[in-house]
1. Below 8 Å between Cα atoms, with a sequence gap of 6+, how large is the relative contact order for the stretch 86-230 in percent?
2. Would the chain count as rounded, prolate or oblate if I go by the C-alpha gyration tensor, calling it rounded below 1.5 in a/c and otherwise prolate when a/b exceeds b/c, oblate otherwise?
3. Taking the Cα centre as origin and putting +1 on Lys and Arg beta-carbons and -1 on Asp and Glu beta-carbons, what dipole magnitude results for the stretch 271-424, to the nearest 20 debye?
4. Based only on other Cβ atoms within 10 Å, what is the fewest-to-most ordering of Cys361, Cys344?
5. Within a Cβ distance under 10 Å of Trp335, other residues only, what is the Lys/Arg minus Asp/Glu net charge?
6. In the P(r) worked out for the stretch 74-153, what percent of Cα pairs fall beyond 22 Å?
7. Size of the stretch 252-300 along its principal axes in angstrom, Cα-based, largest extent first?
8. Classify the stretch 13-144 from the C-alpha gyration tensor, please: rounded if a/c falls under 1.5, else prolate or oblate depending on whether a/b exceeds b/c.
Amino acid sequence: MATDPLELEALARDARDPLAAFRDEFLVPPHAGGEQAYLCGNSLGLQPRATRDAIMVELDDWRELAVEAHFRGRNPWMPYHELVRAHLAELAGALPQEVVAMNSLTTNLHLMMVSFYRPDATRNAILIEKRAFPSDRHAVESQVRFHGHDPATALIELDGDGEHGVLSLASIERALREHGPRIALVMLPGVQYLTGQVLPLREIARLAHAAGARVGFDLAHAMGNVPVDLHDCGADFAVWCSYKYLNSGPGAVAGCFVHERHARAGLPRFAGWWGHRQDTRFRMGPDFEATPGAEGWQLSNPPILALAPLKVSLEIFHRASIARLREKSLALTGWLATLIERECGEVLDIVTPSDPAQRGCQLSLRVKGPRDAGRSLFEHLNADGVVGDWREPDVIRIAPTPLYNRHADCLRFVRSVVAWSKRS
Ligand SMILES: Cc1ncc(COP(=O)(O)O)c(C=O)c1O
């Protein structure tokens with residue numbers, strides 16, 4: 001029987017959690033005869049118990065039916081993407097025809113820029129953040145070069161101007177005012193990977209469009225973490241991965257959003273046969289006719305064995321509902337932030353904004369002291385079965401995800417930090 005007041009509080013909070021049963025749908029890695037306090041869903045989400053069977057169904061249909069499984073499988077492969085479309089749209093706040101599951105995040109970002117970054121002699125710049133995720137930075141820079149422009153002038157980089165390097169809307173507005181006529185594309189994240197800051201997508205889209213630019217978002221850290229309303233916010237496109245909060249496994253099939261207003265706009269694109277109209281695709285003609293909507297950007301027939309985990313995951317999100325998950329997330333991360341300030345305020349700074357509207361489930365933390373102290377804490381946490389991740393130069397990211405984390409996991413983290421601080 002627990003008698004420790006904080007432990008009792010964690011247990012009471014977890015007992016009141018209406019989403020508590022979802023944890024049992026996931027496989028939590030073992031640690032020292034128990035389970036890890038896995039707080040790393042921002043990097044790789046846990047495996048749903050149902051995933052293995054979902055993959056086995058497709059392997060068995062392949063064994064039993066081979067090519068015929070395209071039409072006669074338990075989940076016929078030909079229209080398999082339709083099994084994820086509705087739930088994906090629900091999570092993205094989009095119309096079904098605005099989303100598609102395909103490729104990987106960076107591949108989709110390139111495909112989107114082929115269509116939405118159309119530089120000319122005067123309007124050829126891309127507005128990004130200085131601390132953009134390296135893959136985004138490589139993608140935009142290589143696109144700029146590919147079009148014959150110079151990244152030294154055609155990449156406009158926003159420096160975090162707020163506390164701990166977070167980005168203010170005012171700084172985005174300023175950059176658009178100053179460079180607006182030069183900017184062809186605004187490319188920003190939904191949740192910044194290093195600081196955990198949630199950006200105001202609707203306002204950014206409005207400002208970008210008012211300046212005459214197109215706008216796209218990288219939602220790697222937003223999808224499944226915070227509610228998004230891609231259709232209403234007016235973004236031209238968005239891309240995301242599915243191995244983080246979407247729990248679809250390493251290298252999972254990513255997602256892509258193209259706003260409805262571009263569905264039939266005849267935008268230039270890199271095409272492949274799976275983007276061709278479904279009803280005439282198998283006539284095997286030489287002329288490309290795009291499927292209206294996001295599916296028109298598909299290149300290849302999709303990897304069914306990789307879509308099966310996404311289907312499982314999206315069904316879980318549908319049952320849990322992103323609105324209810326957000327409600328729990330606010331409580332869970334709010335409690336963790338309070339505990340950190342109260343119990344380890346002398347050891348840790350919270351980098352993520354304290355305004356709940358400006359953060360998702362992740363808290364980015366910095367050890368007060370040299371980088372080595374941060375590494376030492378990170379290694380101590382790992383050895384203690386408390387799993388977060390480390391991002392250079394000195395940030396520990398801790399993400400209590402509402403689908404499978406409990407208040408007890410947050411308390412384990414805090415207790416482990418306190419033990420480390422007493423020891424070192
Ligand atoms: C914010 C962000 N953008 C892009 C990527 C790259 O994703 P991928 O390797 O799936 O293309 C990641 C990967 O973690 C990421 O966190």
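1. Worked out over the stretch 86-230, it gives 27 percent.
2. Judged from the Cα gyration tensor, the chain comes out oblate (a/c at least 1.5, b/c at or above a/b).
3. In debye, rounded to 20, the stretch 271-424 gives about 380.
4. Ascending number of Cβ neighbours within 10 Å: Cys344, Cys361.
5. 0
6. Distances greater than 22 Å cover 43 percent of the Cα pairs.
7. So the three principal-axis extents are 29, 28, 18 Å.
8. Since a/c reaches 1.5 but b/c is at least a/b, the shape of the stretch 13-144 is classed as oblate.
No value in this document is a laboratory result; all are computed from the given coordinates. Keep in mind that what you see is a predicted model, and the values were worked out from it rather than measured. Backbone-built Cβ (ideal geometry, glycine too); neighbour counts: all protein chains shown.
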